[in-house]
Structure formats: C-alpha cells, structure tokens
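The values are calculated or read from the model by the stated rules, or taken from the named source; none is laboratory data. A quick note: this is a predicted structure, and the numbers were derived from the prediction, not measured. Every residue, glycine among them, receives a Cβ derived from its backbone with ideal geometry; neighbour counts consider all protein chains shown. Surface areas here come from the heavy atoms of the whole protein model, side chains and all, with no ligands, DNA or RNA. Shrake-Rupley method; radii C 1.70, N 1.55, O 1.52, S 1.80 Å.
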Amino acid sequence: MAGQLRRTDCSLVSDGAAALVLQRNPSSALAWVEGFAHANDHLDPDRRDITDFVAGRLATQRALEMAKLSLADMSLAEVHDCFTIAELIVYEMLGLTEPGQGRRAIEEGWTARDGRLPVNVSGGLKAKGHPVGATGVSQHVIGALQLAGRAGDMQLPDAHHALVHNMGGLAVANHVTVLAGS
C-alpha cells in the first residue's frame, strides 16, 4: 500500500448498513448514552502531528467527564482501527500508553479479551470491513450488545460500560461515546 503498511494492515472500505433505535425511556434499552463528545483537528499535515490524535484525546476526555467516569471504569472499547497503526495511536490517545508506545498495549495483553481494557473484541474494522457511513453506528451496536449480554461468541463477562471511538479523515473528525448497561 504505502511504506510499511501492507494490504493486511488496512481495513477494506466497503458497502454496509447499520441501524440504531433511539428512545427516551432507557428502562427497556440495551444500553444508554452517559457521555458523548466531538472534536475536530486540522486535515493539513503541516498544521499537526498526524501520529498524535489530539482531537480524539479531547473528545475522549470530554465524553468521560460528561459520564463522570474514567477509562478505568470501561469494560471494553470499540475503536476506529482503519489501519493497524491507527489502533496503536488510539491506545496512546486513550492514555493506555505513552506516545510512541502503543504496541505495549498489545505486547502486555492490556487490550486482549481478558486485559484491563478489551479493545475491538468484535475484530474491529479489519473483521467487518469499513462501511464508511455505517462504521460508527455498527460500533455502537456492538457496544450495546455487549452491555446487554447479547454479543454471542464475543460476549465479555459482566460488561457494564463501553467506550466507542469513531473518526474520519485522518483523525480530523473525532467522536466518542460512553455507553452504559444494566
């Protein structure tokens, strides 16, 4: 593809669809929103460090603050892993590791199913493709299914909070949602 990125490092842009049903009464919901935020960054790489998702970090902090929770309170995260390197940078953005150390989260098992923050238990975009308009919705559906105990073979035990991170345009548009379940 380019440089050190190979075809298997890149999610396939694909067609797809996903849907959510939103309601005011959370008593019958699979999950509910406790926090959300959006933050933008510059697209021009001359105006920013493209290996530092600053706006994603800001959106994450704002969503967690709104929910009155921390990353340590999350049972899982579904993150936008459009490229293998993007997922590693997201680990740094979330604060799991120091900048430039994203690989440690994998090497030390922090993001595995039984790690301190299971990430993309669904397999992420590499497993389902990257239906650009539907990606964020599908991530929320996966989070809600986990929180409702209805995620089938990918179900995590006792999932109570999920962080969903979606981005577009080289981490220019960043959206983070904190979901809660019963």
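Quick notes on this structure:
- Residue check for A39: in a helix (DSSP H, G or I) and surrounded by 18 or more Cβ atoms within 10 Å (Cβ to Cβ): no
- Among the residues making up region 43-77, a single one is in a helix (DSSP H, G or I), in contact with a Ser or Thr (Cβ under 9 Å, 6 or more places away or on another chain) and under 17 Å from L88 (Cα atoms): L71.
- Complete set of residues in region 125-159 that are within 16 Å of V176 (Cα to Cα) and hydrophobic (A, V, I, L, M, F, W, C): A134, V137, V141, I142, A144
- The set of residues in region 67-95 being aliphatic (A, V, I, L, M) and either closer than 19 Å to H160 by Cβ or at pLDDT 95 or above (or both) consists of A67, L69, L71, A72, M74, L76, A77, V79, L94.
- Filter result for G124 (at negative phi, in contact with a strand residue (DSSP E or B) (Cβ under 8 Å, 6 or more places away or on another chain) and crowded, with 16+ Cβ neighbours inside 10 Å): no
- Hey, S138 among the hydroxyl-bearing types (S, T, Y) and touching a Pro at 6+ places or on another chain (Cβ under 9 Å) or not: yes
- Which numbered condition Q146 misses (of (1) over 20 Å from K128 (Cα atoms); (2) open to solvent by less than 40 Å² (accessible area, probe 1.4 Å)): (1)
- For region 99-115, residues that are open to solvent by 90 Å² or more (accessible area, probe 1.4 Å) and either in contact with a strand residue (DSSP E or B) (Cβ under 7 Å, 6 or more places away or on another chain) or touching a residue at least 24 places away in the same chain (Cβ under 8 Å) (or both) total 2.
- Condition met for L96 (without any contact (Cβ under 8 Å) to a residue 40 or more places away in the chain, in contact with a Phe, Trp or Tyr (Cβ under 7 Å, 6 or more places away or on another chain) and not in a helix (DSSP H, G or I)): yes
- The sole residue among H175, H160 that is in contact with a helix residue (DSSP H, G or I) (Cβ under 8 Å, 6 or more places away or on another chain), closer than 30 Å to R47 by Cα and open to solvent by 20 Å² or more (accessible area, probe 1.4 Å) is H175.
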